[in-house]
1. From the list I101, I120, exactly one residue is assigned by TED's automatic domain parsing to the domain that holds G131, surrounded by 14 or more Cβ atoms within 10 Å (Cβ to Cβ), within 18 Å of the chain's Cα centre (by Cα) and closer than 16 Å to G138 by Cα. Which is it?
2. If you check L85 against the conditions, is it touching a helix residue (DSSP H, G or I) at 6+ places or on another chain (Cβ under 9 Å), among the hydrophobic types (A, V, I, L, M, F, W, C) and under 18 Å from T72 (Cβ atoms)?
3. Please count how many residues of the stretch 1-23 are surrounded by 10 or more Cβ atoms within 10 Å (Cβ to Cβ) and either within 28 Å of the chain's Cα centre (by Cα) or of a type in the set (F, W, Y) (or both).
4. For residues in the stretch 72-84 being in a helix (DSSP H, G or I) and without any contact (Cβ under 8 Å) to a residue 12 or more places away in the chain, which is surrounded by the fewest Cβ atoms within 10 Å (Cβ to Cβ)?
5. Looking at the stretch 85-95, can you tell me whether even one residue there is β-branched (V, I, T), modelled with pLDDT of 80 or more and assigned to a helix (DSSP H, G or I)?
Amino acid sequence: MFGLEAISHYNGWVISLLGVSIVFTGLLILSFSVAQLHNILNLWDNRKSLFTKKKEIAKKGIEIVEDFSSLTDTTKEAARQFYTLTQIIMNDEPFSLPRLIDLAQKTGISSPYSTANKLIKANLMIPDQKGYFVFNKGYIQTLEGI
């Protein structure tokens, strides 16, 4: 057997297509790496400022008090519902966000994922740097005052 017949018999076409696809994938990865090289170099140049920002965030702690008068009524009501869930069911400890969302779904609170996202963005629920969340102490005082 010689020529194209031998190539077909010994799977030469498949092997050549596999080789071409491996080379093409390698070239794609190389071009993407070269295209993003400036971002990697910027991160490397600013690495000290990134570490100082992380330390500053850790030093701030959990006690964030802000002006909550700009919150909408729906956000305040959602925060009240979520705070009640954490207070009654979770004993007001640092709480797991997935567990809180699961409980909110079971109790019938609408859109618990987006509601939790809004509360985190409004600094009403704050991460405690240990994988859990707590409610903002300043907001809890305004809730208890009402």
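The values are calculated or read from the model by the stated rules, or taken from the named source; none is laboratory data. Remember, predicted model here, so these are calculated numbers, not experimental data. All Cβ positions, even for glycine, are placed from backbone atoms using ideal geometry, and neighbour counts span all protein chains on display.
1. I120
2. In short, no.
3. Qualifying residue count for the region: 2.
4. Only one residue tops the list, namely D73.
5. Within the stretch 85-95, one or more residues are β-branched (V, I, T), modelled with pLDDT of 80 or more and assigned to a helix (DSSP H, G or I).
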